[in-house]
Amino acid sequence: MSDAPTPFSVVSDDADSLLRLIANSVPAMIAYYDLDMKCLFANRRYAEFNGLTVDKVVGKTVREVIGESAWQIIEPHVRLVQSGQTVRYVREQMMPGGETGVIEVNLIPRASDTGGQIGAFVLINEITRQWRAERALRDSELRMRKFFQASNEGIAFHHEGIIADANEALLRMSGYTLEELIGRSILDFVPQEWQPTVIDHMRGHHEEAYETEVVLKNGTRLPVEVIGKDMPHDGQTYRMVVIRDITVRKQAQERIEFLALHDALTQLPNRLYLDEYMERTLALARRQRKAVALLFIDLDEFKQINDTLGHQAGDDVLRETARRLRAAVRESDLVARLGGDEFLIVLTNIDSVHDTERVAASILAALQPPVLLKRRMVEALPSIGIAMFPHDGDSMDELIRRADAAMYQAKDTGGNRYKFADAGSPQPS
């Protein structure tokens, strides 16, 4: 095999010089070995990479050129190219400067004109920088995958709205399996009234957090906060969506809002709520030319209950009074606590004074039974003053003032009765 012609023996000296100039100018390491793996040609980069000169490389076997330890690694690849197979592999290599690098090796078999195997070309490229970049990318993707699965917040990836992946947290949150999510549109899981908001954030590539709702597998709606981020991958732009369950936050927010507008003791609407409600109610009544009745209620002898049984007993009476008042009126009517033992009821869609009288009589009846406090029966009977819109006033303050005055007239005539702000007679208990 050693008598086989070199691949360069048929060219002139000028051509050989030009070929060697080209070989020495390219950034790759190039060599040619005969079938016995003896080097017949090498460019300068190949020789220097192995710590030799070109003259020292030519004539040596590949085992002698690269050393015993490297030979043990690449011998299987050499046997493959000797058998006529093209081989490509990547391996770490100690570089001339002493640092560990990475090389890509291509072994290309060469056949004679008659088809017999006569040698092999060697083409080596240092790919340390690319390899490190790819490894960094793989490490980054691995860290992302670990974060993706370890996060307690739901995460989904989608391309143009079609779900490509989802983490375990989102599966637990939604009740769906991964197979049930992949390939479906994000909008399949968004209530219709929220879809324009979601579409706007997707198409606008917005990355600020926003609130929406998602529909779970069991059909219930879950309030969530969503943050979307565009992420390039494989030449396309994917959208990573972080989905956070904000049920507890919404409940706390609703509780704060409720406490701002409701009495803490009785859970009835407070004066602030009443102000907003009456403004809307009277405006609607003016447009529709409807009547509104305002009932001002004060408990007779309530101070005595507090003085003799204590404030805890008084609070129990107020809570029970609030419960009975709510039960005595329609759901559309408003029952509010102004403070102390003063309550106010607003009746809407009143067709006549007689409708108001029926409700007032119902309230009197509801508050007649004594309240049981620590095995003691306590009476908390009401005095009720009634003012009618628009007959008795055009504003809430005026109506409350007229109803308050009527309530005191009812109390002065014995209590446990109602009285209208105009000339109506107080009713007996």
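Throughout, read-outs are computed from the coordinates displayed, never taken from laboratory work. Bear in mind the structure is a predicted one, so any value in this text is a computation, not a measurement. Backbone-built Cβ (ideal geometry, glycine too); neighbour counts: all protein chains shown.
Per residue of the chain, what 222 nm ellipticity follows from adding -39500 (n - 2.57) for every DSSP H run with n ≥ 4, rounded to the nearest 500?
About -12500 deg cm²/dmol.
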Excluding residues on the same chain fewer than 8 positions from residue 229, give the lysines whose Cα lies under 20 Å from its Cα. 146
Computed P(r) (all Cα pairs; the chain; 20 Å bins; percent): 18, 22, 22, 13, 10, 13, 2
I'd like the FRET efficiency for residue 408 and residue 260, computed as 1/(1 + (r/R0)^6) with the beta carbon distance as r and R0 of 45 Å, rounded to 0.05. 0.90
Residue-by-residue Karplus 3J(HN,Hα) for region 254-268, coefficients 6.51, -1.76, 1.60, Hz, glycine and proline x: 5, 5, 4, 5, 5, 5, 5, 10, 9, 6, 5, 6, 9, 6, 7
Lysines near residue 303 by alpha-carbon distance under 23 Å, same-chain residues fewer than 8 away left out - which ones? 374, 411, 419
Can you give the extra length, in nm with one decimal, that the chain gains between residue 72 and residue 114 once fully stretched, where that is 0.36 nm per residue apart less the Cα-Cα distance? 11.9 nm
Alpha carbon convex hull of region 264-420, projected area averaged over orientations, nm²: 8.6
Can you tell me, using C-alpha contacts under 8 Å and at least 6 residues apart, the relative contact order of the chain as a whole percent? 8
Convex hull volume per residue in cubic angstrom - Cα atoms of region 54-139: 128
Please report, to two decimal places, log10 I(q)/I(0) for region 151-249 at q = 0.11, 0.14, 0.19, 0.20 Å⁻¹ as given by the Debye formula with identical point scatterers on the Cα atoms and no solvent. -0.28, -0.46, -0.89, -1.00
Amide H within-cut-off set for residue 380, under 5 Å, with H built and near neighbours excluded: 371
Treating cross-link reach as a plain straight distance, find the aspartates and glutamates whose alpha-carbon is under 17 Å from the alpha-carbon of residue 60, omitting any fewer than eight places away in the same chain. 3, 34, 36, 48, 68, 75
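Which of the trypsin sites (Lys or Arg not before Pro) across region 311-352 are loop residues per DSSP, with 11 or fewer other Cβ within 10 Å? It would help to have the intermediate numbers written out before the result.
Numbers: sites: 319, 323, 324, 326, 330, 337; in loops: 330.
Filter output for region 311-352: 330.
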